[in-house]
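Quick note: the coordinates plus some simple rules give every number you see, no bench work behind them. Predicted, not measured: the structure shown is a model, and the values here were computed from it. Note that each Cβ is placed from the backbone with ideal geometry, even for glycine, and that neighbours are counted across all protein chains shown.
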Amino acid sequence: MKPETLNFFDRVYAVAKQIPYGRVTSFGAIANYLGAARSARMVGYALNGSVEKDVPAHRVVNRIGLLTGKHHFDGTNLMQQLLENEGIVIKDNQIQNFDAVFWDPRLEL
DNA sequence: AGGTTGACCGTGA
DNA sequence: CTCACGGCCAACC
């Protein structure tokens, strides 16, 4: 597979798959790691089909730890259930202790 | 080939 | 501190 074939979407999938268990990251962090900090919107756009890409998109939220994409999931509270299952506390679609569970690929990778 | 959209982010009032 | 607007980039129609 040539790298040229890998679109932005594929790169996002690759990073999202590297998200550790019980950790979450933001679109901007992923975009920043990919070198496209201004393309944070594309990150979410890519994750739109990540559910079928074996990518834990439920670990990806916006910069404030808000489950903005839960509306895109199969169920309504499915995303929240998955996160809570990993030990992450969520209240009103917002991750508590976001700074503690935050995982920055730019720093970790 | 062009216009519109989008799971965002940052700054301003 | 909270609400609102603009910008930016890539994919989709």
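What is the set of long-range amide H partners of residue A:24 at a cut-off below 5 Å, with H atoms built 1.01 Å from backbone N?
A:102, A:103
Under 5 Å between amide hydrogens, which residues at least 5 positions from residue A:90 or on another chain qualify, with H placed 1.01 Å from N in the peptide plane?
A:96
Starting from the 7 Å offset along Cα-to-Cβ, what nm value, one decimal, do you get for the label separation of residue A:97 and residue A:76?
Going by the 7 Å Cα→Cβ label model, 2.8 nm.
Over all directions, average the projected area of the Cα convex hull of chain A and note it in nm².
Details: hull surface 26.3 nm².
If you wrap the Cα atoms of chain A in a convex hull and average its projections, you get 6.6 nm².
Please arrange A:39, A:26 by how many other C-beta atoms lie within 10 Å of their C-beta, fewest to most.
With the sparsest Cβ surroundings first, the list reads A:39, A:26.
Please work out the C-alpha center-to-center distance from the stretch A:78-100 to the stretch A:1-53 and express it in whole Å.
Here the two parts' Cα centres lie 20 Å apart.
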